[in-house]
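Worksheet for the structure shown next.
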Amino acid sequence: MESTGGPYLNTAAVTSPVGIARLLQMTFGCTTFSLVAHRGGFSAAYGTFCMFVWTFCFAITVFIITCEFTHLHSCLSISWGNFTAAFAMLATLMSITAAVIYPLYFVQLSCYPIGCEVRDFRIAASVFAGLLFIAYATEVFLTRAKPGQVTSYMATISGLLKIVQAFVACIIFGALVNDSQYSKYVATQWCVAVYSFCFVVTVVVVAFSVTGKTALLWFPFERSVVVYTVGAVLLYMSAAVIWPVFCFDSKYGSPQRPGHCAKGSCPWDSQLVIAIFTYVNLLLYVADLAYSQRIRFVSHL
């Protein structure tokens, strides 16, 4: 009798280097949030964020492994290569953020007042959170586009940078809403418009790539992305000049942190975070522009 089960299963999905990395991601993710939920504990917005990162990444990783093992991804109307590459980069950024935040706020060397058992669970969770980040970073390293290789756009350096740019923009938005006083001047409102516009367009570029709809556009997608990147560099250059002037110049703001500002709720701190990540994103867009000259776009892989 002819076997009907074998051909429908893709064993390479769990035996290849990328498959093994994903299995480790699933294992480390499950272990991390289980340790925290069982005895480690979490609280406040930063603790909830960490749990969301670990559970979200675990769920999507299980979905990816299941789809590739059973070939179900061929039934989805998305560009699978772009989707997995984009998620791996996003999960890498989210997992390293959680791996830094959780031990920073919840881990301590002494047993008082939480008890030695809770402390040990939190330390163990922090270790596995770090391993989770390494597992996702390994997948990004294994699946990134090699020189001369025709691959999915999101697997290229330019595509991966799009994810990082959007992630950095989210950090900027978080600082903006944390009493940054950006509405004080029209100039700083312009900076917010720059951050918002570049974030939206970057997300749209990623969405079109992941859904595999770039070939349906009436304009050349690759040229449009390069033109947008040039515009984003110019816009971020303006924000990189305007924001520090209107926040840290003595005529408009404060060159030094005011002494009366409470820790964790000082507008000056938020303004400094925004300034730093404005320059970070400017460098990312410049690097994106440099790499975008050397890639080949593929809609479906």
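Just 267, 113, 17 to compare: in a GNM of the chain, with alpha carbon springs under 10 Å, which one fluctuates most?
It is 113.
Lysines within cross-link reach of residue 263: Cα-Cα under 25 Å, excluding same-chain residues under 8 positions apart?
Here the lysines satisfying the reach criterion relative to residue 263 are 184, 251.
Assuming 0.36 nm per residue, please report the length gained on full extension of the stretch residue 203 to residue 265 beyond their Cα-Cα distance.
Extra length from residue 203 to residue 265 when fully extended: 19.3 nm.
Counting Lys and Arg as +1 and Asp and Glu as -1, what is the net charge of the other residues whose Cβ lies under 15 Å from the Cβ of residue 64?
-1
For residue 142 and residue 116, what is the calculated FRET efficiency with R₀ set at 35 Å and r taken between the beta-carbons, to the nearest 0.05?
0.35
Could you tell me which of rounded, prolate or oblate describes the chain, using a ≥ b ≥ c as the square roots of the eigenvalues of the alpha-carbon gyration tensor, with rounded for a/c under 1.5 and, failing that, prolate when a/b is larger than b/c and oblate otherwise?
Taking the square roots of the gyration eigenvalues as a ≥ b ≥ c, the chain is oblate.
Under unit Cβ charges (Lys, Arg +1; Asp, Glu -1), what dipole magnitude, rounded to 20 debye, does the chain have relative to its Cα centre?
Computed about the Cα centre, the dipole is about 380 debye.
Can you give me the % of accessible surface on the range 10-150 that is carbon or sulfur? Probe 1.4 Å, all protein chains present, nothing else counted.
73 percent
Taking the dipole about the Cα centre of the chain, with the C-beta of Lys and Arg at +1 and of Asp and Glu at -1, give me whichever of 226, 155, 104 is farthest to the positive side.
Going by the charge dipole, the pick is 226.
Any lysines with Cα under 18 Å of the residue 162 Cα? List them, leaving off those in the same chain fewer than 8 positions away.
Those lysines meeting the cut-off are 146, 213.
When the helix-only estimate is applied to the chain (DSSP H runs of n ≥ 4, each -39,500 (n - 2.57), divided by the residue count), what is the mean residue ellipticity at 222 nm, nearest 500 deg cm²/dmol?
-24000 deg cm²/dmol
How large is the accessible surface of residue 109 in square angstrom, using a 1.4 angstrom probe and rounding to the nearest 10?
Counting only protein heavy atoms, residue 109 exposes about 150 Å² to solvent.
Ranked from highest to lowest mean number of other Cβ atoms within 10 Å per residue, what is the order of the peptides 20-28, 171-179?
20-28, 171-179
What full-extension length gain, to one decimal in nm, is calculated for residue 256 and residue 27 as 0.36 nm per residue of separation minus the Cα-Cα distance?
Extra length from residue 256 to residue 27 when fully extended: 77.8 nm.
Counting only other residues whose beta carbon sits under 12 Å from that of residue 123, what net charge do I get with K and R as +1, D and E as -1?
Net local charge, residue 123 excluded: +1.
Roughly what would the spin-label model give for residue 178 and residue 249, points 7 Å off Cα along C-beta, in nm?
For residue 178 paired with residue 249, the spin-label model returns 2.6 nm.
By how many nm would the segment from residue 290 to residue 107 lengthen if fully extended, with 0.36 nm per residue of separation less the alpha-carbon distance?
61.8 nm
Find the centroid of the Cα atoms in the range 38-59 and in the range 83-121, then give the distance between the two in whole Å.
Here the two parts' Cα centres lie 8 Å apart.
The values are calculated or read from the model by the stated rules, or taken from the named source; none is laboratory data. A quick note: this is a predicted structure, and the numbers were derived from the prediction, not measured. Positions of Cβ are backbone-derived with ideal geometry, glycine not excepted, and every protein chain shown enters the neighbour counts. To get the accessible areas, we keep the full protein, side chains included, count just its heavy atoms, and leave off ligands, DNA and RNA. Shrake-Rupley method; radii C 1.70, N 1.55, O 1.52, S 1.80 Å.
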